[in-house]
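For reference, the structure is listed below as structure tokens.
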Ligand SMILES: Cc1cc2nc3c(=O)[nH]c(=O)nc-3n(C[C@H](O)[C@H](O)[C@H](O)COP(=O)(O)OP(=O)(O)OC[C@H]3O[C@@H](n4cnc5c(N)ncnc54)[C@H](O)[C@@H]3O)c2cc1C
């Protein structure tokens, strides 16, 4: 097998953290490389822009590193290109030596209970995308006119949405939360936000920092039922063996013992509780039937088992946060059970386990939707090492610089390059500066394309 022609050309599909970490690893490993980063949205950074909570600005600072990658002359950005719809993965394979798929996990898991489709019952995925100004969710208009919100789940995303619902609008004003969300949250009549954990407090996956943040909200008292903190022996052992869980439990015990300060809202944590049915009134969710669980040790895994005991909770808004899920990319193998693109850890594999020539995967779509931004770095680096060590990389038909722009132009795709993104970025930051905010996000795809064009014409 001869060495691939120079420069090595790699198309990365998905400009989220894993795509950027893969691009960076390629740039560091080789001088003679051309990296083409594609995203279906005009904007780069994936869930850093559209997932991470607006009041966690520091976490978003990782985009500075990604910006440096984007400004490297060996990198080209092709935003507003939906791979699978506008161009196929095979068309990219014909124009690059290798393709890395890093499309993330954009869908979510459902609860599978009666009433889930009622108005007012949404996924946290949609709600998060809405408050973060994702162009496809700008019109979601969640109904915040009721008194009771219930968030199903106690993971990081559930914590984010509960916190955003519990905060006063003044606490969010200085962030990059979408304008439409700021306006809607200003009118919110929500008084209680209840988070439901299927298992016990010792199994919740939150960090002590996240928990402390919930306890320090200016606008909401944290309420924990002390009875929920009586641990079964297996949970007690788990807490004793894990310092972080020990700290979390100590925090929850302190919260349970603290009387409410009479803040406008209450954030209630409930454990060993699963929604079993949503009840509606005039087609809108109104109440939730919640089943009580107990834990059962199954080979070391403490599973939630329904006790049959039930209670009714007021629920005018229900946000399920029980996991993200990958969606298939046309023309690429997909493991529908796990919601991931199958691979040997790096290279995509067919159903029979044989490798797909020149096609690699990293990030949430390869591993499944877990892990923080930093978790994607070693994953992407490993994938790039495998790619660079691949003795069977196919020689593309046309790896020339002109081939991909020509294909997109021939298709009439209005693609967004790095200059266009930087023009849009400048528009958003300037609007933010005027309003004392990090940025004011442009939230419609058309307006993004126009803002970038306008800013470039003005420059
Ligand atoms: C609500 C939420 C909050 C989070 N908060 C934090 C946090 O505070 N701190 C932290 O460290 N981690 C946080 N995470 C986790 C972190 O966001 C993920 O680990 C990380 O974003 C996964 O990176 P990824 O590149 O695999 O996927 P993504 O970030 O989802 O990026 C995938 C990219 O692929 C693009 N894409 C999808 N399909 C196509 C297609 N067909 N063609 C072209 N492009 C496509 C998408 O538009 C997207 O830009 C959070 C996650 C969520 C969901």
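The values are calculated or read from the model by the stated rules, or taken from the named source; none is laboratory data. Everything numeric here is computed off the predicted structure, so don't read it as measured data. Cβ atoms come from the backbone with ideal geometry, glycine included; neighbour counts cover every protein chain shown.
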inquiry  = Among the residues of region 217-237, are any free of Cβ contacts under 8 Å to residues at least 60 places away in the same chain, at negative phi and within 24 Å of the chain's Cα centre (by Cα)?
reply    = yes
inquiry  = Residues to consider are 163, 189, 199; find the one that is buried (at least 18 other Cβ atoms within 10 Å of the Cβ), out of contact with any helix residue (DSSP H, G or I) (no Cβ under 6 Å at 6 or more places or on another chain) and in a loop (DSSP other than H, G, I, E, B).
reply    = 199
request  = Taking the residues in region 38-73 that are part of a helix (DSSP H, G or I) and under 14 Å from the mean Cα position of the chain (by Cα) as candidates, determine which candidate is farthest from residue 449 (Cα to Cα).
outcome  = 59
Residue within region 359-367 that is touching a residue at least 40 places away in the same chain (Cβ under 8 Å) and surrounded by fewer than 16 Cβ atoms within 10 Å (Cβ to Cβ) present = no
note = Restricting attention to region 29-47, the residues that are within 17 Å of residue 374 (Cα to Cα) and within 6 Å of the ligand (Cβ to nearest atom) number exactly 2
query = Which of the residues that make up region 334-376 are away from the ligand (no atom under 15 Å from the Cβ) and within 25 Å of residue 9 (Cβ to Cβ)?
reply = 342, 344, 347, 349, 350, 354, 355, 356, 357, 358
remark   = Checked 410, 430, 380 against criteria (part of a helix (DSSP H, G or I) and in contact with a helix residue (DSSP H, G or I) (Cβ under 6 Å, 6 or more places away or on another chain)); the one match is 380
task = Determine whether region 257-275 contains at least one residue that is more than 29 Å from the chain's Cα centre (by Cα), under 24 Å from residue 187 (Cα atoms) and surrounded by 13 or more Cβ atoms within 10 Å (Cβ to Cβ).
result = yes
query = Residue check, residue 232 against (1) in contact with a strand residue (DSSP E or B) (Cβ under 8 Å, 6 or more places away or on another chain); (2) surrounded by fewer than 17 Cβ atoms within 10 Å (Cβ to Cβ); (3) farther than 23 Å from residue 302 by Cα, all met but one. Which one?
reply = (3)
message = When the residues of region 344-354 are narrowed to those that are outside any loop (DSSP other than H, G, I, E, B) and in contact (Cβ under 8 Å) with a residue 24 or more places away in the chain, which ends up farthest from residue 332 (Cα to Cα)?
response = 347
note = In region 107-136, anything outside any loop (DSSP other than H, G, I, E, B), within 16 Å of the ligand (Cβ to nearest atom) and touching a strand residue (DSSP E or B) at 6+ places or on another chain (Cβ under 6 Å) is listed as 107, 108, 122, 123, 124, 125, 127
inquiry  = Being within 21 Å of the chain's Cα centre (by Cα) and either at pLDDT 95 or above or within 14 Å of the ligand (Cβ to nearest atom) (or both): is that true of residue 104 here?
reply    = yes
